[in-house]
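The values are calculated or read from the model by the stated rules, or taken from the named source; none is laboratory data. On a predicted model such as this, the values are computed, not experimentally measured, just so you know. Cβ sites come from the backbone with ideal geometry, for glycine too, and all protein chains shown count toward neighbours. Note: accessible area is taken over every heavy atom of the protein model, side chains too, but ligands, DNA and RNA are not part of it. Shrake-Rupley method; radii C 1.70, N 1.55, O 1.52, S 1.80 Å.
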Amino acid sequence: MSEPYDTDVLIVGAGPAGLVLGIELARRGVAFRLIEQRTELLQASRGKGSQPRTLEIFEDLGALPRFLEISGPYPPLCMLKGDTGRWGTALQRPDRPTPDIPYPNMIMAPQWRTDAVLRATLHANGGEVEEGVELRRFEQDEGGVTATLLTGGQSSGVRAKYLIGADGRTQRRAHGTWNQLPR
């Protein structure tokens, strides 16, 4: 007899890592829930540079055309020397694409714009982000993970085969239980 699961994968955190995982699972027909504690999109930028390999992954996901619309090359780096000298230099010398490296140059976009592109790609693949859902605790056993979620002041449980911490905090939580931790 197989164990009853509510979902195969519970993803905690809807930043770039959680969104990319959600897109991949949706594309492959794997059942998942993607939860995000925030109820509003992050307007800050925790990261703005995308490396060449990231661009290849975005292409595979179908997100690259839209991402290229909202991004651009890195501006020159300006430096001051005392109060008299100032000069600019490029962070990277632009390279030409090759068959092995189709996107050789880093490009820049604020994280909130990257998140918007990835959310749209997730939605296009049939996935969604459950906003305002907080992971309160979890317990792992041989068969999977039992998690306690808090949504609008109401507690609920979910049983999953796997829990993925993509919120930058889950891995710091000792022994599967915790209270609010600072971000």
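I'd like the full set of residues that are under 16 Å from the mean Cα position of the chain (by Cα), under 18 Å from Gly62 (Cβ atoms) and either basic (Lys, Arg) or open to solvent by less than 40 Å² (accessible area, probe 1.4 Å) (or both), limited to segment 97-127.
Across segment 97-127, the qualifying residues are Ala109, Arg113, Thr114, Asp115, Val117, Leu118, Arg119, Thr121, Leu122, Gly127.
Could you tell me how many of the residues in segment 133-149 are in contact with an Asp or Glu (Cβ under 6 Å, 6 or more places away or on another chain) and crowded, with 16+ Cβ neighbours inside 10 Å?
Of the residues in that region, 1 qualify.
If I go through segment 69-92 residue by residue, how many of them are assigned to a strand (DSSP E or B), in contact (Cβ under 8 Å) with a residue 12 or more places away in the chain and open to solvent by 80 Å² or more (accessible area, probe 1.4 Å)?
1
Pull up segment 150-177, narrow it to residues that are β-branched (Val, Ile, Thr) and modelled with pLDDT of 95 or more, then point me to the one that is least open to solvent (accessible area, probe 1.4 Å).
Val158
Can you pull out every residue in segment 32-63 that is surrounded by fewer than 20 Cβ atoms within 10 Å (Cβ to Cβ), touching a Phe, Trp or Tyr at 6+ places or on another chain (Cβ under 8 Å) and without any contact (Cβ under 8 Å) to a residue 60 or more places away in the chain?
Correct list: Gly49, Pro52, Glu56, Glu59.
State all residues of segment 99-132 that are assigned to a helix (DSSP H, G or I), touching a Gly at 6+ places or on another chain (Cβ under 7 Å) and of a type outside the set (A, V, I, L, M, F, W, C); if no residue qualifies, say none.
Selection gives Gln111, Asp115, Thr121.
Restricting to segment 1-57, name every residue that is among the hydroxyl-bearing types (Ser, Thr, Tyr) and in a strand (DSSP E or B).
Thr7, Ser50
So which residues in segment 19-31 are open to solvent by 30 Å² or more (accessible area, probe 1.4 Å) and more than 30 Å from Pro73 (Cβ to Cβ), if there are any at all?
If the condition is that a residue be open to solvent by 30 Å² or more (accessible area, probe 1.4 Å) and more than 30 Å from Pro73 (Cβ to Cβ), then Arg28, Gly29, Val30, Ala31 are the ones that fit.
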